[in-house]
Amino acid sequence: MKKYGLMKKCISAALSLSLMVSLSACGGAAPAASGGASQGGAAAIKIGGSGPLTGPAAVYGNAVKAAAELAVEEINAKGGLQFELRFEDDTHDAEKAVTAYGVLKDWGMQASLGTVTSAPGAAVSQMYQDDGIFALSPSASSLAVIYHDSDNASDPYGNVFQMCFTDPNQGIASADYLQSHPDLGSKIAIIYKNDDNYSSGVYAKFKSQADVNGLEVVYEGTFDDSNASDFTVQLKKAQDAGADLVFLPIYYDPASLILTQANQMGYAPTFFGVDGMDGILTLEGFDTSLAEGVYLLTPFSADANDDLTQNFTKNYRTRMKDEIPNQFAADAYDCVYAIAQACEAAGIKADMSPQDVCDALKQQFTSMTFNGLTGQNVTWSESGEVSKSPKAVMIQNGVYVGVDD
Amino acid sequence: MKKKNPFGRILERDQGRRALSFILITALYLIMEAMMRSGNLSSLFQSLLVPVCCYIVAAIGLNLNVGVSGELNLGQAGFMSVGAFTAVCVSGYLSASVPSGILRLVLAILAGILSAALFGIIIGIPVLKLQGDYLAIVTLAFGQIIKSLITNMYLGFDENGIQFSFVENKTSLAPGGKMLLNGPMGATGTEKISNFTAGFILIVLSLLVVYNLIYSRSGRAIQACRDNRIAAESIGINITSTKLLAFTVSSSLAGAAGALYGLNYSTLVPAKFDFNTSILILVYVVLGGLGNMTGTMAATIILVLLPELLRSMQDYRMLIYAIVLILIMILTNNDTVRTNMTRVKNRIFAKKEGRA
């Protein structure tokens, strides 16, 4: 009895000790930098960034992190300006994004990749403006990321820029593309996710532009998180309405289910997606033959023949266990190179204050032209919106094939 | 005289506990405020101050319902959501007419409290008449329903007035108009008017409300209903209205917490207040101790800070967080640890009495 009690005491003491150790370890540990640190003792320009590294949206955050690290390593290996990247987890949550921003600011970031996703991005943009730190977000595409007043697209933050298209631009570009290519289909059905701001953002603009362009929308179906597994009802209604083109402004996960279920019910319209569809070919357990003939508007295709894309794809696959880079990764890679190019041009040094870096970068970004993976002759407006042309690609034999306009 | 009365002694002990929680929270506030003023507080901690206050208020409210009233509530985040979006809309609508941030914050929090309390009453009246776990089931559903409802709401205003539409966005605002609720995008462009001092005041007020309720006649009735429903009924206590009182106060505190939270971020999405958030708040309450407000505050502070402090662990931080949760759960329920704690406590108190 006594012995047992003693043992219990020992165990509880050991447990509480381990608790104390783990607590104090986390409190005192030095911030670990991820990505290429400076080499040869030269001071490095600190680039921060946050995105979902855990949780349901982790695939985007991890792609951005890996690609940004890759870009930083490549740039550092060349010599010249050195960069250091620190990428924090925000779990696609505004609250966590704000604390991640605090961590990055304490670390002393001088420029940033902003956030990967939109809602957290909108929460931290104000802080980037208040503290005068330049941010170039790879993929936070909502207008609220760059504008105070997103309803009227006015009052931009001025130092928060985007590498990706805004959601409205994608909707408008899709509607314009369909107008100029009536052979793809004349009766359009739309299936979108109405609790997702990316999806409903693209949808809203597509719808209004479709009205302007005189496109015939015969069916609109919605789904949300709770019923994102069965689309037979929506597909059946689209089929009954005689739709020969289904517009899918959604991410590739539900899109893969739609393609599978449409195939099962023998419904074969033309499917048309936007950049969220990118990644469908690398989805585990998905029969890529079902994606044959799918059109999508995307700024990047991993199978392009230019040296830049091929190099990037090769290096990324070595790094990420043979995963094919998606558009998020490509945008992040471009972000780092764009920041590096602007830093070179503006003569930014590692010991400059974030505010000075911000002013110099703002000036560079609104005047420079950038060539990268996701577009040639990319420019930015004063408000931070990017200007580049989306490419329409079609999936043929499991690869993207560019479609001539 | 007082010492001879056993009930008076319990009261005295409890008064000590009550004082302790006020002293602790005031001390913490003063330390944090001093560090912030002198520029010694890192940006990370500064960004955590307000959310910690919000979670503490919501957890204190939940503890009143779960710990004191003995009814399980699985939708505290739903009430936070109601409070948060009401407050954000009120603040957004008043932004032109009420320029003072503090006044707008007070008005918005009051609106948040009222709306959450209203939902509390609506849900409580039918459900609390029943005996059993029905409140848990209904609040669970309530959290989900509120999330879906707000996800489908579009509310905007321009110089011509307010426009509202449901499911499909049919609002068409004149230039210069502002969307208060934008469906799945929630509220964007909210002016950040919450601050740490407001959070601290809210905690103190909620502690005052909860303690005064617990030690009042109604509070004893609430505890009587929890401990023995039949006995309480037999002495003429109206079970439904008694439990409803606790539940409404609990949900209105969640509304206040949500209001403070919503006005601390420039963007707020309905998906933030999901089932996970409800459970998280319940975890703070359970690990802090049912009916123990000081413990709840401590648990909330530790558990909100922990994942942030563990950031240097990179990929392992959620793993460690989970292990710590399990350890706290085991340790707080371990007899040996408890006996030791009581022994330490007794020793301290014995010394005090000896000195006195």
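Considering only residues in region A:86-97 that are open to solvent by less than 10 Å² (accessible area, probe 1.4 Å) and part of a helix (DSSP H, G or I), the one that is nearest to the other protein chains (Cβ to nearest Cβ) turns out to be A:E95. Of the residues that make up region A:273-282, is at least one out of contact with any Pro (no Cβ under 7 Å at 6 or more places or on another chain), in a loop (DSSP other than H, G, I, E, B), in the same structural domain as A:I191 (by TED's automatic domain parsing) and modelled with pLDDT under 85? Yes, the conditions are met somewhere in region A:273-282.
Assess whether A:G108 counts as being over 26 Å from B:V269 (Cα atoms) and either among the hydrophobic types (A, V, I, L, M, F, W, C) or at pLDDT below 95 (or both).
On the way: over 26 Å from B:V269 (Cα atoms): yes; either among the hydrophobic types (A, V, I, L, M, F, W, C) or at pLDDT below 95 (or both): yes.
In short, yes.
Taking region B:151-178 as the range and being open to solvent by 50 Å² or more (accessible area, probe 1.4 Å) and charged (D, E, K, R) as the test, the residues that pass are B:E159, B:E168, B:K170, B:K178.
Selection within region A:102-115: residues that are over 21 Å from A:A57 (Cα atoms), open to solvent by less than 10 Å² (accessible area, probe 1.4 Å) and touching a Leu at 6+ places or on another chain (Cβ under 8 Å). The member of this set that is farthest from the other protein chains (Cβ to nearest Cβ) is A:A111.
Can you name the residue in region B:196-226 that is free of Cβ contacts under 8 Å to residues at least 60 places away in the same chain and charged (D, E, K, R) and is also least open to solvent (accessible area, probe 1.4 Å) among such residues?
Residues of region B:196-226 free of Cβ contacts under 8 Å to residues at least 60 places away in the same chain: B:201, B:205, B:208-209, B:212, B:216-218, B:220-221, B:224.
Of the ones still in play, those that are also charged (D, E, K, R) are B:217, B:220.
On the way: B:R217: 195, B:R220: 127 Å².
Top of the filtered list is B:R220.
Here A:G398 fulfils each of the conditions (1) outside the structural domain of A:V160 (by TED's automatic domain parsing); (2) open to solvent by 60 Å² or more (accessible area, probe 1.4 Å); (3) small (G, A, S) apart from (2). Residues of region B:339-347 include none that is outside any helix (DSSP H, G or I), modelled with pLDDT under 90, more than 11 Å from every other protein chain (Cβ to nearest Cβ) and open to solvent by 70 Å² or more (accessible area, probe 1.4 Å).
Which residue out of B:L140, B:L105, B:L135 is among the hydrophobic types (A, V, I, L, M, F, W, C) and open to solvent by 30 Å² or more (accessible area, probe 1.4 Å)? Of B:L140, B:L105, B:L135, the one residue that is among the hydrophobic types (A, V, I, L, M, F, W, C) and open to solvent by 30 Å² or more (accessible area, probe 1.4 Å) is B:L140.
Matching residues to (1) over 25 Å from A:D131 (Cα atoms); (2) at pLDDT 90 or above:
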| site | (1), (2) |
| --- | --- |
| A:T270 | yes, yes |
| A:A302 | yes, no |
| A:M320 | yes, no |
| A:D334 | no, yes |
| A:A342 | no, yes |
| A:M352 | no, yes |
| A:T366 | no, yes |
| A:T369 | yes, yes |
| A:N377 | yes, no |
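If the condition is being part of a strand (DSSP E or B), in contact with a strand residue (DSSP E or B) (Cβ under 8 Å, 6 or more places away or on another chain) and of a type outside the set (S, T, Y), then region B:133-165 contributes B:M153, B:L155, B:G156, B:F157, B:D158, B:I162, B:Q163, B:F164. If only residues of region A:205-235 that are touching a strand residue (DSSP E or B) at 6+ places or on another chain (Cβ under 9 Å) and in a helix (DSSP H, G or I) are counted, the one that is farthest from the other protein chains (Cβ to nearest Cβ) is A:L235. Scanning region A:52-61 for residues that are out of contact with any Phe, Trp or Tyr (no Cβ under 9 Å at 6 or more places or on another chain) and open to solvent by 40 Å² or more (accessible area, probe 1.4 Å) turns up A:T54, A:G55, A:P56. Among the residues of region B:87-99, is any hydrophobic (A, V, I, L, M, F, W, C) and under 18 Å from the mean Cα position of the chain (by Cα)? Yes; the residues of region B:87-99 include at least one that is hydrophobic (A, V, I, L, M, F, W, C) and under 18 Å from the mean Cα position of the chain (by Cα).
Applying the selection to region B:26-45, what residues are of a type in the set (A, V, I, L, M, F, W, C) and within 12 Å of A:D106 (Cβ to Cβ)?
B:L41, B:L44, B:F45
The values are calculated or read from the model by the stated rules, or taken from the named source; none is laboratory data. Here the structure is a predicted model, which is why all the values come from computation and not from measurement. Cβ: placed from backbone, ideal geometry, glycine included. Neighbour counts: every protein chain shown. Just the protein is used for accessible areas: all its heavy atoms, side chains included, with ligands, DNA and RNA removed. Shrake-Rupley method; radii C 1.70, N 1.55, O 1.52, S 1.80 Å.
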